[in-house]
Amino acid sequence: MKQVWKPGNMLYPLPAVMVSCKRKDEKPNIITVAWAGTICTSPAMLSISVRPERYSYDIIKESGEFVVNLVTKDLVYAADYCGVRSGRDTDKFKEMHLNEQKSVKVAAPGIAESPVNIECKVCEIKELGSHHLFIAEVVSVSVDDDYMNEKGKFELNRSGLITYSHGEYFELGKKAGSFGYSVRKKAAGKKNRSAKKRPRNK
């Protein structure tokens with residue numbers, strides 16, 4: 001049996017990210033966003049949804065840019081704080097002992113403690129209702145050398161990434177598969193079955 005509820009947002013888990021932004025001649029701010037996602041590969045684009053009454057909304061709208069910073073287990077406390085405190089009266093970088101990282105293509109700084117900083121320029125704003133959707137192009141990505149292996153591969157999944165699900169934060173856990181593994185598994189199975197059916201040479 002299942003209960004039927006009224007329409008609502010029950011799409012979980014979600015990436016919990018810290019979005020840094022800056023208005024000219026003002027201190028930078030951080031807003032934590034769970035409604036963020038990839039929307040295009042080429043050009044690389046993503047989106048974030050922000051309530052118009054949030055302090056960061058006008059900063060992002062006026063500056064036309066922001067930085068998405070991935071959150072790890074070591075940053076989850078700061079991420080929660082930056083999601084419930086307003087930048088109108090709080091210097092979140094200072095309060096959470098976070099360091100500004102100079103960006104490559106935008107004026108807004110990234111968060112140095114984050115393993116990945118995704119610099120974005122706003123392309124379009126869709127006014128949807130309670131939230132407005134910022135559609136943005138990714139213009140630069142910075143990754144932490146600490147997660148590069150000896151073969152030059154970026155091992156992001158060992159950084160302790162955080163997800164948000166139904167009011168709670170979770171660290172990514174046990175690996176359950178990899179992209180395309182279902183096809184590879186079936187192909188291997190067919191190959192093994194074919195080998196069993198092949199008659200032996202006499």
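Find the residue count for segment 127-147, including only residues that are part of a strand (DSSP E or B) and either surrounded by 12 or more Cβ atoms within 10 Å (Cβ to Cβ) or small (Gly, Ala, Ser) (or both).
12
Does Asp58 satisfy the condition of being under 19 Å from the mean Cα position of the chain (by Cα), among the acidic types (Asp, Glu) and either surrounded by fewer than 19 Cβ atoms within 10 Å (Cβ to Cβ) or under 22 Å from Phe154 (Cα atoms) (or both)?
The answer is no for Asp58.
Please count how many residues of segment 148-167 are outside any strand (DSSP E or B), closer than 18 Å to Thr32 by Cβ and touching a residue at least 40 places away in the same chain (Cβ under 8 Å).
Residues meeting the conditions: 3.
Would you mind finding the one in Ser114, Ser140, Ser86 that is of a type in the set (Gly, Ala, Ser) and within 14 Å of the chain's Cα centre (by Cα)?
Answer to the selection: Ser114.
Looking only at segment 82-126, count how many residues are within 18 Å of Ala36 (Cβ to Cβ), of a type outside the set (A, V, I, L, M) and surrounded by fewer than 19 Cβ atoms within 10 Å (Cβ to Cβ).
Residues in segment 82-126 being within 18 Å of Ala36 (Cβ to Cβ), of a type outside the set (A, V, I, L, M) and surrounded by fewer than 19 Cβ atoms within 10 Å (Cβ to Cβ): 5 in total.
Results for (1) touching a Ser or Thr at 6+ places or on another chain (Cβ under 9 Å); (2) assigned to a loop (DSSP other than H, G, I, E, B), shown as yes or no for each residue.
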| residue | (1), (2) |
| --- | --- |
| Trp5 | no, yes |
| Lys24 | yes, yes |
| Ile30 | yes, no |
| Ser47 | yes, no |
| Val67 | yes, no |
| Lys94 | no, no |
| Ala107 | yes, yes |
| Ser114 | yes, yes |
| Ile118 | yes, no |
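Output the residues belonging to segment 1-35 that are surrounded by fewer than 19 Cβ atoms within 10 Å (Cβ to Cβ) and touching a strand residue (DSSP E or B) at 6+ places or on another chain (Cβ under 7 Å).
Tyr12, Pro13, Leu14, Pro15, Trp35
Each reported figure results from applying straightforward, stated rules to the coordinates on display, with no laboratory input. Since this is a predicted model, take the numbers as computed values, not measurements. Note that we place each Cβ from the backbone using ideal geometry, even for glycine, and neighbour counts take in every protein chain shown.
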